[in-house]
Amino acid sequence: MTTQLRSTAYPLNRRDVAARLVQSDPGLLVIAGLGSTAWDITAAGDRDLNFPLWGAMGGAITMGLGLALAQPDRRVLVITGDGETLMGMGSFATVALQAPGNLSICTFDNEHYGETGMQVTHTSSATDLAGVAAACGIAVTGTVHTEAELETALPVILAAPGPVYHVIKVKAEKLDFVLPPKDGVHLKDRFRKALLG
Amino acid sequence: MQLDWWKDIYTALKAADVRQVGYVPDAGHSALIEACLADDDMRTVVLTTEEEGISLLAGAWLGGQRGALLMQSSGVGNCINMMSLAATCQFPVPIFVTMRGLWREFNPWQKVMGQATNAHLTMAGFSTLTATMPEHVGALAGETLDTAYDGGQMSALLLHQCLVPVKTFGK
Ligand SMILES: Cc1ncc(C[n+]2csc(CCOP(=O)(O)OP(=O)(O)O)c2C)c(N)n1
């Protein structure tokens, strides 16, 4: 129970962090993992260059990798949950070997599977995802707990040579659903049209 | 046995302008993997599990690049839920599958997945072709890539175990 209490007291609000990331640059290419992070980026304003996943749990980071390799001159940001990250942890090794300089990955870590009823995840007391990423070979990693740490991390996330990975510890809370379009073909087509013309 | 059919897959990948090749190695794909690694116009991405390849190709397509995946039949089983991403959003995903468990298989642990690979792919929404003759591989590879990139579909070419030497683990 104490682990549940720990993350309910974290100061950072996931919707605020998402807005500051996604609104930083109209040209940013954003992929969000299923569930809460998809609602978070949508709450910051739905945009054609957002690709919010509604499934494919464990796939957000490698989707970002494929996009980053295809578009080396554009910044790609993956925002996903701790549960989603845990399901695809091998992706850190795959990303590290390719080392795309334009890829940033953020895990909004509320230490819970929020979408499915707030069951605790491995990060609540055992697993350090930034440590996992670093051990896999991601050169720039960090864990953000506070507003001051966030302010230091934002320019790194948005512009430092990648691959960059940050865990952002966010308050465990149930927020309103802000749903993006759920037609996958539409999400794909609008993204490609906005990016490729 | 003619063992250079892999060159016909490589030629088909080049003709289709494939730029990202994701794989978990299989002995049957080793020469093709080497050729892709040596090609400066191809990004060859070794995966920790085959399902990463499905989302990799989805991301590549979002960014305007074509990809293809190379895996062994057991790897198809690792991909099933991730394939729903490609099916739901109609991402083109061509996969070249070296088959195990079909023919003179030494390792019984390969049989369950190998014998069910075609059915799993079909249920996941793939159209499949099977190559049993080396001289057919090139045309079938081209067809697999066309189905993906002209038709916006998921397509797989199963490379029958009769195309590769029998693996006997030194016995
Ligand atoms: C393969 C698979 N397993 C389980 C689920 C159920 N599921 C949906 S969202 C989710 C939790 C996501 O947790 P996390 O990434 O931590 O996001 P949060 O909502 O906590 O931000 C789970 C387990 C699923 N969609 N797919």
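The values are calculated or read from the model by the stated rules, or taken from the named source; none is laboratory data. These figures come from a predicted structure and were not determined experimentally. Heads up, the Cβs are rebuilt from the backbone with ideal geometry, glycines too, and the neighbour counts pull from every protein chain shown.
If you check A:G66, A:G59, which single one turns out to be within 16 Å of the ligand (Cβ to nearest atom), among the small types (G, A, S), more than 18 Å from A:T143 (Cα to Cα) and modelled with pLDDT of 95 or more? Going through A:G66, A:G59 in turn, the sole match is A:G59. Taking segment A:149-180 as the range and being of a type in the set (D, E, K, R), surrounded by 14 or more Cβ atoms within 10 Å (Cβ to Cβ) and under 23 Å from A:R75 (Cα atoms) as the test, the residues that pass are A:E149, A:K169. Looking at segment B:1-92, the helices (runs of 4 or more DSSP H) lying wholly inside it that each contain 2 or more residues that are out of contact with any strand residue (DSSP E or B) (no Cβ under 7 Å at 6 or more places or on another chain), of a type in the set (S, T, Y) and at the interface with chain A (Cβ under 10 Å from one of its Cβ atoms) sit at B:80-89. Of the residues in segment A:51-75, how many are within 20 Å of A:G162 (Cα to Cα), surrounded by 24 or more Cβ atoms within 10 Å (Cβ to Cβ), more than 7 Å from chain B (Cβ to nearest Cβ) and under 14 Å from the mean Cα position of the chain (by Cα)? Adding up the residues that qualify gives 2.
Among the residues of segment A:23-46, those identified as away from the ligand (no atom under 15 Å from the Cβ) and either within 14 Å of another protein chain (Cβ to nearest Cβ) or crowded, with 24+ Cβ neighbours inside 10 Å (or both) are A:G27, A:L28, A:L29, A:V30.
For segment A:75-132, a residue qualifies if it is away from the ligand (no atom under 11 Å from the Cβ) and either aromatic (F, W, Y) or modelled with pLDDT under 95 (or both), and the qualifying residues are A:F92, A:S125. Residues that are part of a loop (DSSP other than H, G, I, E, B) and within 14 Å of the chain's Cα centre (by Cα) were ranked within segment A:88-110; the one that is farthest from the other protein chains (Cβ to nearest Cβ) is A:N110.
What is the number of the single condition among (1) touching a residue at least 24 places away in the same chain (Cβ under 8 Å); (2) surrounded by fewer than 24 Cβ atoms within 10 Å (Cβ to Cβ) that B:A38 does not meet? Condition not satisfied by B:A38: (1).
Quick grid of which residues meet (1) outside any helix (DSSP H, G or I); (2) within 25 Å of B:S55 (Cβ to Cβ); (3) more than 16 Å from the chain's Cα centre (by Cα):
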site: B:P94; (1), (2), (3): yes, yes, no
site: B:W103; (1), (2), (3): yes, no, yes
site: B:H120; (1), (2), (3): no, yes, no
site: B:A148; (1), (2), (3): no, yes, no
site: B:T168; (1), (2), (3): yes, no, yes
